[in-house]
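Notes follow once the structure below has been shown.
The values are calculated or read from the model by the stated rules, or taken from the named source; none is laboratory data. All of these numbers come straight from a predicted model, not from anything done at the bench. Neighbour counts are summed over all protein chains in view; Cβ atoms, including those assigned to glycine, are modelled from backbone coordinates with ideal geometry.
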Amino acid sequence: MIFNIPFIAVAALILIGLYAVIFKRNMIKMIIGITLIESGVNLFLITLGYREGSIAPIYTSSPGGIMALPVPQALTLTSIVIGVAVLALMLSLVIHIYRHNGTLDARKIGGPEE
Amino acid sequence: MSRRNIAAVLSFSIVAMFLIFGALMIHPFGTPTETDMDDNIITNAQTETGSNNAVTSVVFDYRGFDTLGEATILFTAVAAVIMVFRRLKK
Amino acid sequence: MSGMSKIVKTISGITFPFITIYGLYIIAHGHLTPGGGFQGGAIVASGFAMVLVSYGSIWTMNRVKEKNLSILESLGAVCFILLAILGLGFGTAFFNNFLVGTNSLFGVVPAFGSGLADINTGGVIPLMNFAVGLKVIAGLFGIVLVMAYASRTKEENK
């Protein structure tokens, strides 16, 4: 009944983010596309560690049963924090570029001429 | 249809084909292939680390070196953001 | 940026202590319930960002200096590395959990299987949770403060 729907959702998120990075000109829209790709990768890491009919891997007042795998959840935590750090650095550089050139179009900012 | 547009559409369609083919051919949802290490962590986490939470014991005790690298990345990103906007003393 | 109206300032001043206590509860109970250092630090940092947006950046920057925030963040990072090196001194390896099983601060081993939560367990994990939580709070609030200063309009700079 489920038939791999979470994996198809991961592919759709990555494709929408890749479309925003390649085919848009505004720099803020490119940054939103990069964030969508990171969300797709985090979702893929979590859906790799699910067993059929399992509960969360915590022992405090837990009902019995088999538990899900804890290692992919720990790796996803690290990946989310790295995504936040890279997003903060990208946004601060876009603010600096806007102050210097006056436009947000990625094809109109000049390089080192003259 | 300049050459840049043709290259963009071609590369996007190749990546889309790889991703959709991979999403349909992967193992069925809910049956991971190898679970020996995680079963060992689940049964031994309470006596070896002394905490009731298996995810926290993996993050800080079994794989504490990755958390050290992540703390370094967070520190470097904050330092770089503050350095971009520093006020030059006149 | 200037602050918002009187109603927004009053309500955000009332809910700010509740958000801080909720975030500190998630940091402190990281070895018993879902949560930990990173998640609780993000909650407290977003509470600080709410105060920054509703009271204005000039009012906030008169009370919080950037130098104090960078000192706090460095303190959190140094405490984390110090706890890892102490495992090398007491035990045998880097990042060794040297407080489990002894009669010191956090050294009780819980029984196997599901049971009630005892905060005296965990070894060196709750101390590491506090160090990482302090680092994340200071780092995220520092980023938001610097970006709010950089997007001022030209009339406020004079």
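Quick check on my filter: what residues within region A:63-92 are more than 9 Å from chain B (Cβ to nearest Cβ) and without any contact (Cβ under 8 Å) to a residue 12 or more places away in the chain?
Within region A:63-92, A:PRO63, A:GLY64 meet the criteria.
Filter region B:8-30 for residues that are within 16 Å of A:ILE46 (Cβ to Cβ) and more than 7 Å from chain A (Cβ to nearest Cβ) and give the result.
B:HIS27
May I ask you to list the residues in region B:38-50 that are at pLDDT 90 or above and at the interface with another protein chain (Cβ under 7 Å from one of its Cβ atoms)?
B:ASP38, B:ILE41, B:ILE42
Out of all the residues in region B:15-36, which are in contact with a helix residue (DSSP H, G or I) (Cβ under 9 Å, 6 or more places away or on another chain) and over 17 Å from A:VAL71 (Cα atoms)?
B:VAL15, B:ALA16, B:LEU19, B:ILE20, B:GLY22, B:ALA23, B:LEU24, B:ILE26, B:PHE29
Quickly run through region C:30-46 and pick out the residues that are more than 19 Å from C:PHE80 (Cβ to Cβ), at the interface with chain B (Cβ under 9 Å from one of its Cβ atoms) and surrounded by fewer than 23 Cβ atoms within 10 Å (Cβ to Cβ).
Scanning region C:30-46 gives C:THR33, C:PRO34.
Residues being within 8 Å of another protein chain (Cβ to nearest Cβ) and surrounded by fewer than 21 Cβ atoms within 10 Å (Cβ to Cβ): count how many of those fall in region C:112-127.
Going through region C:112-127 one residue at a time, the tally reaches 6.
Has region A:103-114 got any residue that is closer than 30 Å to A:ALA11 by Cβ, surrounded by fewer than 13 Cβ atoms within 10 Å (Cβ to Cβ) and small (Gly, Ala, Ser)?
Checking region A:103-114: not a single residue is closer than 30 Å to A:ALA11 by Cβ, surrounded by fewer than 13 Cβ atoms within 10 Å (Cβ to Cβ) and small (Gly, Ala, Ser).
Hey, among B:ALA45, B:ALA23, which residue is free of Cβ contacts under 8 Å to residues at least 24 places away in the same chain and either more than 30 Å from A:PHE3 (Cα to Cα) or not in a helix (DSSP H, G or I) (or both)?
B:ALA45
Check A:ILE14, A:ILE97, A:ILE55, A:ILE34 and return the single one that is more than 21 Å from B:VAL78 (Cβ to Cβ) and more than 9 Å from chain B (Cβ to nearest Cβ).
The match here is A:ILE55.
For region A:38-64, give me each residue that is among the hydroxyl-bearing types (Ser, Thr, Tyr), part of a helix (DSSP H, G or I) and either modelled with pLDDT of 95 or more or more than 26 Å from the chain's Cα centre (by Cα) (or both).
Correct list: A:SER39 only.
Mind listing whichever residues of region A:28-56 are of a type in the set (Val, Ile, Thr) and touching a residue at least 40 places away in the same chain (Cβ under 8 Å)?
A:ILE28, A:ILE31, A:ILE34, A:THR35, A:THR47
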